[in-house]
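Notes to accompany the following structure.
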Amino acid sequence: MRLLLVEDEVGIAASLKRGLTADGFAVEVAADGKTGLWMASEIDFDIIVLDLMLPGLNGFSVCHEIRERGVWTPILILTAKTGELDEIESLDSGADDFLTKPFSYPVLLARIRSLLRRGVRERPTVLEADGLRLDPATRSCWRNDVLISLTPREFDLLEFLMRSGARVLSKDEILEHVWNPEFEGSPNIVEVYVGYVRRKIDRPFGTETILTVPGSGYRLAERGR
Ligand code: CA
């Protein structure tokens with residue numbers, strides 16, 4: 001099994017490499033994000049273990065970029081911080097699993113083996129409608145060849161609309177799916193965010209992808225797939 005370890009701390013990298021080699025892995029080490037990204041794109045690995053805090057390009061960016069390049073090797077992110085945000089960001093950036101430092105070697109090994117058993121996951125389908133493409137794996141959005149930058153909430157809103165195709169979605173339904181169920185603000189927040197999204201995906205292009213259905217809600221102009 002070929003394993004790429006992207007870790008800048010020399011001591012940790014050396015001890016992990018020693019352990020993993022003894023456990024039968026062919027280990028390559030990259031000491032910074034850029035080198036890691038290059039190796040992940042150019043060499044065929046079975047699994048990538050990626051530290052989050054790296055000089056230059058951090059682990060999230062490396063992970064995101066690896067997926068952007070169409071490489072679907074399982075990725076385990078090592079994070080030094082604890083916090084749900086890191087975990088969510090890790091998975092959002094296209095990682096398969098994460099492990100918080102400090103961890104014990106047997107736990108790391110177990111996680112690696114579990115990811116290998118799962119195998120390369122299927123790439124989530126890119127959603128398309130009306131010249132608009134939304135990639136849930138890399139959380140990027142394109143209109144033709146123009147990359148559109150969306151906030152996480154805007155992305156979730158657009159993803160929900162695109163997944164629902166031509167079905168009309170009420171504000172309440174959107175609130176329930178895109179905001180958390182405990183959200184107690186006004187459903188008008190949906191209107192505000194639809195406005196934000198339109199300003200990014202439609203207005204600059206003279207298109208009309210999100211339609212308002214008076215008294216009912218919103219739907220997509222063209223059925224997505
Ligand atoms: Ca580090």
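The values are calculated or read from the model by the stated rules, or taken from the named source; none is laboratory data. Given the structure is predicted, the values throughout are model-derived calculations rather than measurements. Every residue, glycine among them, receives a Cβ derived from its backbone with ideal geometry; neighbour counts consider all protein chains shown. We work out accessible area using only protein heavy atoms, side chains counted, and drop any ligands, DNA or RNA first. Shrake-Rupley method; radii C 1.70, N 1.55, O 1.52, S 1.80 Å.
Quick notes on this structure:
- Any chance L175 is outside any strand (DSSP E or B) and touching a strand residue (DSSP E or B) at 6+ places or on another chain (Cβ under 9 Å): no
- Among the residues of segment 40-68, those that are hydrophobic (A, V, I, L, M, F, W, C) and either more than 14 Å from E89 (Cα to Cα) or assigned to a loop (DSSP other than H, G, I, E, B) (or both) comprise A40, I43, F45, I47, I48, V49, L52, M53, L54, L57, I66.
- In the condition set (1) over 20 Å from the mean Cα position of the chain (by Cα); (2) more than 15 Å from the ligand (Cβ to nearest atom); (3) not hydrophobic (A, V, I, L, M, F, W, C), K101 is compliant with all but (2).
- Every pair of residues 6+ apart whose Cβ atoms lie under 7 Å, when the first sits in segment 52-73 and is closer than 19 Å to L3 by Cα while the second is in a helix (DSSP H, G or I) and open to solvent by 50 Å² or more (accessible area, probe 1.4 Å): F60/E89
- Extreme residue, farthest from L132 (Cα to Cα), among residues of segment 146-197 that are aromatic (F, W, Y) and modelled with pLDDT under 90: F183
- Residues of segment 149-193 satisfying the condition of being among the hydrophobic types (A, V, I, L, M, F, W, C), open to solvent by 30 Å² or more (accessible area, probe 1.4 Å) and more than 22 Å from the chain's Cα centre (by Cα): A166, V168, F183, I189, V192
- Filter result (assigned to a helix (DSSP H, G or I) and within 18 Å of E7 (Cα to Cα)) within segment 88-105: S90, Y105
- Filter result for V10 (at pLDDT 90 or above, within 14 Å of the ligand (Cβ to nearest atom) and open to solvent by less than 60 Å² (accessible area, probe 1.4 Å)): no
- Just one of the listed residues (L3, L50, L54, L16) is open to solvent by less than 60 Å² (accessible area, probe 1.4 Å), within 22 Å of T100 (Cβ to Cβ) and either small (G, A, S) or in contact with a Phe, Trp or Tyr (Cβ under 7 Å, 6 or more places away or on another chain) (or both), and it is L3.
- Odd one out for L108 among (1) within 16 Å of the ligand (Cβ to nearest atom); (2) without any contact (Cβ under 8 Å) to a residue 12 or more places away in the chain: (2)
- Flag if L134 is open to solvent by less than 70 Å² (accessible area, probe 1.4 Å) and outside any strand (DSSP E or B): no
- Here is the figure for segment 12-39: residues that are part of a loop (DSSP other than H, G, I, E, B) and touching a residue at least 24 places away in the same chain (Cβ under 8 Å) total 4.
- Segment 35-55: number of residues that are within 14 Å of the ligand (Cβ to nearest atom) and within 22 Å of S140 (Cα to Cα): 3
- Of the criteria (1) open to solvent by 10 Å² or more (accessible area, probe 1.4 Å); (2) over 16 Å from K101 (Cβ atoms); (3) more than 16 Å from the ligand (Cβ to nearest atom), which one V29 fails: (3)
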